[in-house]
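A.B. asks: Have a look at the structure that comes next, please.
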Amino acid sequence: QVHVVESGGGLVQEGGSLRLSCTASGLPFSNYAMGWFRQAPGKEREGVSCISWSGIDLYYVDSVKGRFTTSRDNARNTLYLQMNSLKPEDTATYYCAVGYDTCPGSLSSADFRYWGQGTQVTVSS
């Protein structure tokens with residue numbers, strides 16, 4: 001069975017930083033693109049970022065460009081999301097997802113196959 005687990009969520013003040021981590025087991029981690037998604041109460045899930053299997057290709061939703069950075073350490077089977085200059089509108093449950101060999105241009109959830117349970121990020125004003 002494939003297991004995807006996020007960690008690192010918490011409560012931070014507006015303008016602060018937070019680093020999320022994700023581990024995936026039960027599959028060859030380095031073969032797959034990995035994505036971050038988020039869902040706030042009353043809103044649909046949206047794609048935040050994607051990183052290719054090699055770490056060379058990176059994609060971000062417009063609202064986080066310049067503030068968030070995704071990276072991966074294939075030797076540790078770990079995906080990261082470094083979040084800086086956090087805003088209250090970043091408050092959401094953040095999910096890690098396993099894709100295919102490349103990142104989809106649309107950052108659609110339909111293009112990702114396995115999902116973690118989510119970790120809560122709350123940004124106070």
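The values are calculated or read from the model by the stated rules, or taken from the named source; none is laboratory data. On a predicted model such as this, the values are computed, not experimentally measured, just so you know. No Cβ is skipped: glycine too gets one built from the backbone with ideal geometry, and neighbour counts run over all protein chains shown. Ligands, DNA and RNA are excluded from the accessible area calculation, which covers all protein heavy atoms including side chains. Shrake-Rupley method; radii C 1.70, N 1.55, O 1.52, S 1.80 Å.
A.B. asks: With the requirement that a residue be part of a helix (DSSP H, G or I) and open to solvent by 30 Å² or more (accessible area, probe 1.4 Å), what does the stretch 51-64 give you?
C.D. replies: 62, 63
A.B. asks: If you take the residues in the stretch 74-125 that are farther than 11 Å from residue 35 by Cα and part of a helix (DSSP H, G or I), which one is nearest to the chain's Cα centre (by Cα)?
C.D. replies: So, considering only residues that are farther than 11 Å from residue 35 by Cα and part of a helix (DSSP H, G or I), the one nearest to the chain's Cα centre (by Cα) is 90.
A.B. asks: Hey, another quick one. Can you tell me how many residues within the stretch 77-110 are acidic (Asp, Glu) and either in contact (Cβ under 8 Å) with a residue 60 or more places away in the chain or surrounded by fewer than 14 Cβ atoms within 10 Å (Cβ to Cβ) (or both)?
C.D. replies: Within the stretch 77-110, residues that are acidic (Asp, Glu) and either in contact (Cβ under 8 Å) with a residue 60 or more places away in the chain or surrounded by fewer than 14 Cβ atoms within 10 Å (Cβ to Cβ) (or both) number 2.
A.B. asks: Name the residue that is most open to solvent (accessible area, probe 1.4 Å), counting only residues in the stretch 9-50 that are part of a strand (DSSP E or B) and over 17 Å from residue 67 (Cα atoms).
C.D. replies: 11
A.B. asks: State which residue pairs qualify: first residue without any contact (Cβ under 8 Å) to a residue 60 or more places away in the chain and inside the stretch 33-62, second residue charged (D, E, K, R) and open to solvent by less than 10 Å² (accessible area, probe 1.4 Å) in any location, beta carbons under 9 Å apart, and separation of 6 or more residues or different chains.
C.D. replies: Qualifying pairs under 9 Å: 40/90.
A.B. asks: Can you find, within the stretch 109-125, the residue that is nearest to residue 88 (Cα to Cα) among those that are out of contact with any Asp or Glu (no Cβ under 6 Å at 6 or more places or on another chain) and β-branched (Val, Ile, Thr)?
C.D. replies: In this case the residue turns out to be 122.
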